[in-house]
Amino acid sequence: MAEKIYDVTIIGGGPAGMFASFYCGLHELDAQLIESLPQLGGQVGALYPEKQVWDVAGMPGVTGHDLIAKLKEQMAVAPIDQFLGETVEDVIKEDDGTFTIKSAKRESRSRAVIIALGNGAFTPRKLALEGATEIEGKQLSYFVNHKADYADKRVAILGGGDSAIDIALMLEPVAKEVHLVHRRDQFRGLEHTVTQLKQSSVQLDTPFLPRTLTVEDDETVTLDLKKMRSEDEAQLNVDKIVVNYGFTSNNAALNQWSLDLAAERNLIKVDSMMETSIEGVYAIGDGVTYPGKVALIAASFGEAPTAVTALAKKLYPDKRMAMHSSSMGITK
């Protein structure tokens, strides 16, 4: 059997990559989307699920969670292959003009590539306590994907930024107890959000730093807390822990790929069709630059169809491409 070659590979599953995948599906391109995180949505979905986004036309004040949910619903109309929890380690342009995409899990082939990495692949800052790794995905998480998983649970959220506060307020209505453990008395969140926090039933354990964790026989977790600038200690027993110490994010992986992409200020240079300096490679979203570029989600939603339409015309020059969704016969 001949090796499968995709028409398009989209690298990055944030809002820009998700919208690009939808357009690939509409144009009936054989496409795949590869995302390093275990879920779609990129930083918007992982970091700002309850924050309001105001720069998406026609969706004023939509939360990050709802925006990603709507994008998923849109993708389902014209689905493509999705590979989540898979980091692209290299992209190689072959002599025949196709591309080989390598990850730790597999290799695949593609005739064109869309890079939609935003500010880069990002990973959560891990809880540096003995035993934390062993309970990841069980009692300990770095993302909250489903509030229902925390219903009637005692939850400890570690962190003090906007995202940690958002998570605490999001879980307060469903959880039995919510504790916010932060090493300072002051929070880094927006004043309005901090006010909401102080008016809520969330218990503030400050200024404390977790020193050890112990998994009990009943599978609950006990955190030993050390009060900052003091000899005082405390213990906190909970069912679930959510760690929100921030994320590391960069595009350093691009420098390891076998692609010599023209760049400016660490951003990928693209032309008016979103094509990079390498034929067949397109880039969209916050990680690109061109004259007049605006780093907004709204802008990336325009860049995605531009890139997909341009590459589709190159791949299938004799195929008539529908330019408007109203002419594509979409039904739900």
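In nm, to one decimal, how far is the Gln52 label point from the Lys319 one, both placed 7 Å along Cα→Cβ?
My value for the distance between the label points is 4.2 nm.
Scanning the chain for helices, which whole DSSP H stretches are 15 Å or more long along the axis (Cα) and average 0.5 or more by Kyte-Doolittle?
Counting only whole DSSP H runs, the qualifying helices are 15-26, 297-315.
In sequence order, what are the phi-derived ³J(HN,Hα) couplings for the stretch 205-217 according to the Karplus relation 6.51 cos²θ - 1.76 cosθ + 1.60 with θ = phi - 60°, rounded to whole Hz, with x for glycine and proline?
Once rounded to whole Hz, the list reads 9, 9, x, 10, 10, x, 10, 9, 9, 9, 8, 7, 4.
By the gyration tensor of its Cα atoms, with a ≥ b ≥ c the square roots of the eigenvalues, what is the shape of the stretch 126-245: rounded for a/c under 1.5, prolate for a/b over b/c, or oblate? All intermediate terms of the calculation are to be shown ahead of the outcome.
Working: a/c = 1.67, a/b = 1.12, b/c = 1.49.
It comes out oblate by the Cα gyration axes.
With r as the distance between the Cβ atoms of Ala151 and Ala76 and R0 = 25 Å, compute the FRET efficiency 1/(1 + (r/R0)^6) and round to 0.05. Please list the in-between numbers first.
On the way: r = 26 Å, r/R0 = 1.05.
The pair Ala76/Ala151 has a calculated efficiency of 0.45.
Put a dot 7 Å past each Cα toward the Cβ at Lys269 and Leu209; how far apart are the dots in nm?
4.5 nm
Working only with C-alpha atoms, what are the Rg and Dmax values of the chain, expressed in angstrom?
Rg, Dmax (Cα atoms, Å): 22.2, 75.
If I model a spin label as a point 7 Å beyond the Cα along the Cα-Cβ vector, how far apart are those points for Glu3 and Arg184 in nm?
Roughly 5.2 nm, to one decimal.
Can you say what percent of the DSSP beta bridges in the chain, counting only those with both residues inside, are antiparallel? Round to 5. Don't skip to the answer; put the middle values down first.
Working: 31 of 66 bridges.
Roughly 45 percent of the DSSP beta bridges within the chain come out antiparallel.
No value in this document is a laboratory result; all are computed from the given coordinates. Computed from a predicted model, the values in this text were never measured in an experiment. So basically every Cβ, Gly included, is an ideal-geometry build from the backbone, and we count neighbours across all protein chains shown.
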